[in-house]
Amino acid sequence: MTSYGVVIDTSMLINVMQTDTAEASAFLDGHLLTRLMLMAVVPAIFVWLQPIDYGTMRRQLWKNPFVALCALVIVVAVILSGFQRLASTMRNHKDLRYLLNPLASMYGLARMAMGPLERDESTIVPIALDAGQAGRTNEGNSTPIRPRLLLLVLGETARSANFSLNGYERPTTTALEQQGVVSFTNVWSCGTSTAESLPCMFSHLSRHEFGVRKVNYENLLDVLQRAGLAVLWLDNQSGCKGVCDRVPHVSTGKSVDSDLCKDNECQDGILLSGLDERLAALDPARRARGTVIVMHQMGSHGPAYFRRSPEKFKTFHPECTTSALQVCSRDMVLNAYDNSIVYTDHFLSSAIDWLRHKAPQADGAMLYVSDHGESLGESNLYLHGLPYAIAPDVQKHIPWVTWMSAQFEESLGISLECLGRQRHLRVTHDNYFHSILGLMDVSTSVYETELDAYALCRKRL
């Protein structure tokens with residue numbers, strides 16, 4: 001909290017529960033250990049050494065309630081004496097309520113523990129039981145319909161403001177700019193952490209509906225699979241947060257690659273390694289209808305941004321080469337982060353090149369959307385995960401990049417030129433579910449045309 005400006009609320013505690021060793025180890029440095037020693041261990045030893053007179057039970061039976069009552073009276077008196085000013089402050093500065101420790105942390109822990117009582121976690125409610133691919137069958141057609149191959153790349157901690165595609169002054173996305181992509185500039189996430197955003201963006205529910213749901217539902221991947229498509233999830237992160245549980249999925253955690261993997265972490269290029277073989281292993285009958293491959297990036301995951309880019313992609317110098325971001329200048333932090341975007345740019349361009357090579361077999365397209373943004377020292381805040389209501393825009397404003405082959409454009413009846421004219425319209429994670437269904441021509445009553453980010457530019461609906 002003191003180093004990065006985060007708060008310990010319910011969503012942050014969920015992040016703690018869902019992390020892994022590799023992710024957590026980035027925070028274990030000398031600054032944290034020193035702080036824990038001075039603020040926890042030394043006081044604990046001091047208290048432990050003090051002699052305690054517990055008194056007799058008879059005395060404590062009246063003394064303990066009396067002292068507690070006196071303390072409560074004093075607290076109430078203090079609050080009432082400045083209630084008007086306090087109420088106004090708490091109303092206008094909602095972030096203060098998250099800084100009242102240990103009260104805020106205990107409240108967050110209680111809310112997390114109450115989760116199973118507020119929501120039935122024992123069942124998954126099916127959705128889109130009528131899902132199918134209307135009009136995409138070869139029966140009765142003289143010209144066979146080509147299958148579609150869609151890459152869904154899930155960015156990690158990428159903020160829209162640092163993409164030169166979106167007007168950033170530094171050349172961070174030069175490879176994508178040469179690939180003929182369309183980048184939406186007004187895109188907003190469902191949450192400020194992976195644990196929040198990932199399940200939400202794959203849900204048919206809106207951000208508000210997802211947050212107050214009483215049961216869990218199937219997600220986008222279930223619907224695609226029910227429609228007869230081949231689905232594969234490739235993970236280079238700390239898991240899919242339950243999104244990929246019912247579809248084929250692979251983790252890169254145990255990959256052995258001297259060039260791409262080190263210290264139990266892999267560069268995102270590992271997601272493209274052996275991809276032809278993974279694709280060929282999917283059900284051929286499903287591949288004939290179409291394939292959706294999800295790639296969950298390591299991306300720009302902090303605080304160790306310097307680990308997210310190989311040496312030859314380090315365009316900006318000097319870098320911050322420690323996880324203790326507060327000891328580096330903001331320019332050094334920014335250099336390390338921007339280098340991670342440069343590598344993401346290379347990775348996405350390489351993914352597009354792979355799709356081009358697949359042109360003889362399928363019509364290819366790629367959609368890159370980040371899960372959330374990041375604070376890089378603005379207002380002394382770092383990382384992400386602040387409650388949505390008080391989080392700065394940089395933690396919620398994210399990139400959304402689209403590439404389509406000419407064959408994909410033609411078969412979908414869409415114009416990238418039209419998309420380019422629509423790139424400044426507001427889009428959110430609420431649009432993601434319906435946009436993917438539209439791209440793969442999945443017909444279901446759950447699909448809502450008005451939430452399809454590509455619907456306005458389709459020549460036929």
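The values are calculated or read from the model by the stated rules, or taken from the named source; none is laboratory data. The model shown is predicted, which means the values in this text are computed figures rather than measured ones. Every residue, glycine as well, gets a Cβ built from its backbone with ideal geometry; the counts of neighbours run over all protein chains shown.
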Residue list for region 217-250, restricted to those being among the hydroxyl-bearing types (Ser, Thr, Tyr) and either assigned to a loop (DSSP other than H, G, I, E, B) or buried (at least 21 other Cβ atoms within 10 Å of the Cβ) (or both): 238
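On the basis of being part of a loop (DSSP other than H, G, I, E, B), in contact with a helix residue (DSSP H, G or I) (Cβ under 9 Å, 6 or more places away or on another chain) and within 27 Å of residue 222 (Cβ to Cβ), does residue 253 make the cut?
In short, yes.
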Out of everything in region 443-461 that is among the hydrophobic types (A, V, I, L, M, F, W, C) and in contact with a strand residue (DSSP E or B) (Cβ under 7 Å, 6 or more places away or on another chain), what residue ends up being surrounded by the most Cβ atoms within 10 Å (Cβ to Cβ)? 453
Near pairs, Cβ below 7 angstrom, 6+ apart or cross-chain, from region 194-218 (touching a residue at least 24 places away in the same chain (Cβ under 8 Å)) to any residue that is assigned to a helix (DSSP H, G or I) and acidic (Asp, Glu): 206/430; 207/430
Subset of region 327-353, residues surrounded by fewer than 17 Cβ atoms within 10 Å (Cβ to Cβ) and in contact (Cβ under 8 Å) with a residue 60 or more places away in the chain, comes to 327, 350
Just checking, does region 139-147 include any residue being modelled with pLDDT of 95 or more and over 21 Å from the mean Cα position of the chain (by Cα)? yes
Does residue 19 satisfy the criteria of being among the β-branched types (Val, Ile, Thr), modelled with pLDDT under 80, closer than 30 Å to residue 381 by Cβ and surrounded by fewer than 16 Cβ atoms within 10 Å (Cβ to Cβ)? no
So for region 179-194 (the condition being part of a strand (DSSP E or B), within 18 Å of residue 372 (Cα to Cα) and of a type in the set (S, T, N, Q)), does at least one residue qualify? yes
For residues that are in a helix (DSSP H, G or I), in contact (Cβ under 8 Å) with a residue 24 or more places away in the chain and over 23 Å from residue 197 (Cα atoms), tally how many sit in region 432-458. 2
Checked against (1) modelled with pLDDT of 95 or more; (2) farther than 25 Å from residue 128 by Cα, residue 227 satisfies every condition except (2)
